[in-house]
Every structure is written in C-alpha cells, then in structure tokens.
1. Considering amide H positions built from the backbone, and no H for Pro or chain starts, which residues 5 or more places from Asp37, or on another chain, come under 5 Å of its amide H?
2. Near the amide H of Glu44, under 5 Å away, which other amide H atoms are found, from residues 5 or more places off or on another chain, if H is placed in the peptide plane?
3. Quick one: with all protein chains in place, what share of the accessible area of segment 95-196 is carbon or sulfur, to the nearest percent (1.4 Å probe)?
4. Quick one: accessible area per residue over segment 110-172, 1.4 Å probe, rounded to a whole number of Å²?
5. Tell me, what HN-Hα J-couplings in whole Hz come from the Karplus equation 6.51 cos²θ - 1.76 cosθ + 1.60 at θ = phi - 60° for each residue of segment 128-139, using x for Gly and Pro?
6. Whole-Hz Karplus ³J(HN,Hα) for segment 120-125, in order, using 6.51 cos²θ - 1.76 cosθ + 1.60 and θ = phi - 60°, x for Gly and Pro?
7. Enumerate the amide H contacts of Val157 below 5 Å, restricted to partners 5 or more residues apart or on another chain; note that Pro and chain-start residues carry no placed amide H.
8. By per-residue mean of other Cβ atoms within 10 Å, what is the highest-first order of 213-220, 292-299, 138-145, 32-39?
Amino acid sequence: MTRTPHDALFKRLFSIPEHVRDEVAALLPASVVEAIDWETLRQERAEVVAPGLEMRASDVIYRARLKDDGEALVWFAFEHQSTPDPMMAYRMLRLAVWLWERHLAGGAKRLPLFVPIVVFQGPGQWTAPRRLSELIVGAGALERALGHPVCELVLIVDALSLVPETEIARRTSSPFLRLGLWALRGRGVPMPNRVDAWADALAELARQRKGGAITSILRYHLYTAPLESRSWWDRAAERSRAGEERYMRTLADSFIDEGREEGLKRGRAEGREEGREEGIALGRADALRRIVERRFGAVPDDFAARIESADHATVDRWLDRAIDAASVEGVFADD
C-alpha cells in the first residue's frame, strides 16, 4: 500500500508502459530512445528479498531489450520524491545491485544497463547529490588524478516545477499522464490561467471512458489540494457530466475514509471495538452532509435532523442519490 497520495498517483501513472516510454523519451537523448525495443517493455517484479533493502511504495521498475542485441537488457528504475534525498544515489545503487544479483542468479553472464530516474515534485532544483561519487570521500580527487571516474552512478532527475505545463503536454498524447504530471507539479492545484487546460484533459479522459484514471486524479486532488482551490472543478464539470458524478463519488469515498479513520482512533482511545462501525457510520453521514453542501448549499435544518436520526441503510440510500439528484429535495424524497 502506498504511503501518501503522491506515491499513489505516481505508481498509478507509471503502471502504464506507454507513460514510461513518454517519460524516458522526455529525459534521454533520442539516440538512446531509438536503441530500445519498446515492444519488449515490461514491468519488473519489485518485491523485497534482499536483507535490509527497503523497497519504497513509489519504486517502479521496467525492463526492455536493446534492438542491436536482443539478449541485452536495460532497466528503468523510477522513484518519486517530494523532497531531495541526500542518499538517493546510494539508494539507487543498492537497488541496482539487488537487481543485478537476482539477474545473475538466473544464469546470466552480463549485467543489464541500469537507468535511475527520479521524478521530483518539490520546488526548484534537485539540491541533493546526483552522482554517487559526490557521496564517496576522496572520489573527486582520485578521479581528477586518474582522469576518469572510479565509481559512478548518475541520477536522471525530472524536476517538474521547472518544466512548464505546456512542455509537459508536448511530452505525451495521454491525457492521464499529462494531467497526472501537472497534478504532481502543482500538488493538485492548477494555476489560475491553466484551469481550462486541466478541465479539458479531464473531459478527454471522460470521453475515453477512463474512469479509473479520473478517480486517481480526483482522489489526489481531494487529498492534497486546499478546500478553497476546489472551485476549479466547477469549470471541469461543465465539460463532463460523467466526470462530475465520478468526482462526487470520489469525494464521498474520501469523506467516508476520513470518518472511518476518526472512528477507529476514537475506538482505540476508549478501548472499544465498536469504534470501527461507529467510524463508518459517522463517515457516511458526514459524507452525505458535505456532498449536499457541495452541490446545493447549506443543508436545511429539517434534513440535517433526519440525517442525524437515520439508520445506516437510509443514509446509504441518500448518499447514492446525492451524487446526481437535481435538487436537495430529490435526495430525501419518499423517505
């Protein structure tokens, strides 16, 4: 399970091979990209088997073959970072060694090429060392004396905050990757002059019936963006009724999750097992109130009282109606 909304979106984006190719093509020279047989691109198993090697949730590893040597492999290791990690080059080296050892254990006689890519969503430049030699005492002096590196691994860093959104758009034809990188870059919030571009990308996903991609983007937006920034959705909703309904369902799910977690915490603090069920009930009732407020304004007092006294099944029924009802009265009709 991923540990942050950032990791969750990152992993979802790069679970798609076409997105991997587009990102590599944006970061590496064309001659390198052309040397790779992209038809052989496959995601690599990344379970931890080496003692002491912690595989982060955001680690994404792919392999492909080279065109000129069908037996030669190249590995692309993707890591997402919100802040610069001073030891990232060393961490990538450990990952490379682990992959090489696993590869050699299968009888191979040569080591695949290893390409370490860091997608950095923090502000400004990546300020941590990019070269392994920067972490090794005396490596620089020895390199200067010998005239060549003695131990090296160089990170390829995609510092998203330094890449204009228009340039990111040119990297790919995928609206999901485009919108996902924009979202990581802006932590779920578009610049005022980019709201329409975000909305158009979301509407394109809706036309393509990419429901899972829409949910991933919206969930990231809901969990990372401040409440006052959510007005951008109003303009997106004008372009996609299907997208609006999915947004409301995602919003409801996030509210329910928040209530469940709060109930679990309360139950543990009081030593009660029923905290879980209480949390689910609180979350659903709170989700209903917030969805109604989001769509129709403040919940009328009589409806608020009905929510407080309703059983679980009734709240669930109202919550389903609140997603697409035409009026607040329609949410509670016939009950």
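The values are calculated or read from the model by the stated rules, or taken from the named source; none is laboratory data. What you see is a predicted model, and the numbers here were worked out from it, not measured in a lab. Note: ideal-geometry Cβ built from the backbone for every residue, glycine included; neighbour counts use all protein chains shown. Accessible surface areas use protein heavy atoms only, side chains included; no ligands, DNA or RNA. Shrake-Rupley method; radii C 1.70, N 1.55, O 1.52, S 1.80 Å.
1. Arg65, Leu66, Lys67
2. Ile61, Tyr62, Arg63
3. Values: 2950 of 5010 Å².
After summing per-atom areas, the C and S share lands at 59 percent.
4. Details: 3240 Å² over 63 residues.
For segment 110-172, the solvent-accessible area averages 51 Å² per residue.
5. 7, x, 9, 9, 4, 4, 5, 9, 9, 4, x, 5
6. Result, ordered by residue: 10, 9, x, x, x, 6 Hz.
7. Val118
8. Numbers: 213-220: 23.1, 292-299: 16.0, 138-145: 12.0, 32-39: 14.4.
The packing order, highest mean first, is 213-220, 292-299, 32-39, 138-145.
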